[in-house]
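Below is one structure, written out as structure tokens; comments come after it.
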């Protein structure tokens, strides 16, 4: 099922200026890697992303599957950096099942914007989890496309300060 179709990828300069504000070099490295893997396509496939080529940033990686007729996002992989930042392993869980406080709808909307537009997104998230701990992190979300026509998976990188008590 096609969830999104590639858009013009040649207008990424504004996005790159935003990403320059990131405090996390791992996110910038992931973006450069993704661009190389795109080649002349709007997005690379999951098969193009080789863990051995991005070993230093693997702890920062998230992979999300887009599943179902009514699309939902499911964490296929959550790197150890995200597990540390978030405070729990979310691998195998749906994004809409995770405690993102009142930010869940915005976080899910940001993911689906990448799916719909087949364009990267860089965001900063700050909120208090239900358990009372403050969460702060940056996320780079990148589209992946098996067929070059629709986004079927998301590759994300995270970096942040993690959790702190209130």
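Among the residues in segment 31-43, are any within 22 Å of residue 110 (Cβ to Cβ), under 15 Å from the mean Cα position of the chain (by Cα), modelled with pLDDT of 90 or more and not in a helix (DSSP H, G or I)?
yes
Go through segment 132-153 and give me each residue that's modelled with pLDDT of 80 or more and assigned to a strand (DSSP E or B).
Here is the first cut: in segment 132-153, the residues modelled with pLDDT of 80 or more are 138-153.
Matches in segment 132-153: 138, 139, 140, 141, 142, 143, 144, 153.
Of the residues that make up segment 102-110, is at least one over 16 Å from residue 142 (Cβ atoms), in contact with a helix residue (DSSP H, G or I) (Cβ under 8 Å, 6 or more places away or on another chain) and in contact (Cβ under 8 Å) with a residue 24 or more places away in the chain?
Pass one, segment 102-110, residues over 16 Å from residue 142 (Cβ atoms): 102-106, 108-109.
If we keep only those that are in contact with a helix residue (DSSP H, G or I) (Cβ under 8 Å, 6 or more places away or on another chain) too, we end up with 104, 108.
Right, trim to in contact (Cβ under 8 Å) with a residue 24 or more places away in the chain and you get 108.
Yes, the conditions are met somewhere in segment 102-110.
For residues that are outside any helix (DSSP H, G or I) and touching a strand residue (DSSP E or B) at 6+ places or on another chain (Cβ under 8 Å), tally how many sit in segment 104-131. Show your work before the answer.
In the first step, residues of segment 104-131 are kept if they are outside any helix (DSSP H, G or I); the result is 118-131.
Restricting the remaining residues to those that are touching a strand residue (DSSP E or B) at 6+ places or on another chain (Cβ under 8 Å) gives 118-129.
Residues meeting the conditions: 12.
Which residues, taken from segment 58-95, are part of a helix (DSSP H, G or I), surrounded by fewer than 21 Cβ atoms within 10 Å (Cβ to Cβ) and within 15 Å of the chain's Cα centre (by Cα)?
Step one: of segment 58-95, the residues part of a helix (DSSP H, G or I) are 58-60, 80-86, 95.
Now restrict to residues that are surrounded by fewer than 21 Cβ atoms within 10 Å (Cβ to Cβ): 58-59, 80, 83-84, 95.
Residues satisfying the conditions are 58, 59, 80, 83, 95.
Of the conditions (1) modelled with pLDDT of 95 or more; (2) closer than 15 Å to residue 143 by Cα; (3) out of contact with any helix residue (DSSP H, G or I) (no Cβ under 9 Å at 6 or more places or on another chain), residue 92 fails just one. Which one is it?
All conditions are met except number (2).
Residue 156 fails exactly one of the following numbered conditions: (1) under 25 Å from residue 39 (Cβ atoms); (2) modelled with pLDDT under 75. What is the number of that condition?
Only one criterion in (1) under 25 Å from residue 39 (Cβ atoms); (2) modelled with pLDDT under 75 is unmet by residue 156, namely (2).
Select, from 31, 86, the only residue that is touching a residue at least 40 places away in the same chain (Cβ under 8 Å) and closer than 19 Å to residue 136 by Cβ.
Numbers: 31 fails: closer than 19 Å to residue 136 by Cβ.
Sole residue among the options that is touching a residue at least 40 places away in the same chain (Cβ under 8 Å) and closer than 19 Å to residue 136 by Cβ: 86.
The values are calculated or read from the model by the stated rules, or taken from the named source; none is laboratory data. Small disclaimer: the values here were computed from a predicted structure and weren't measured. Please note: Cβ atoms are built from the backbone with ideal geometry, for glycine as well, and neighbour counts cover all protein chains shown.
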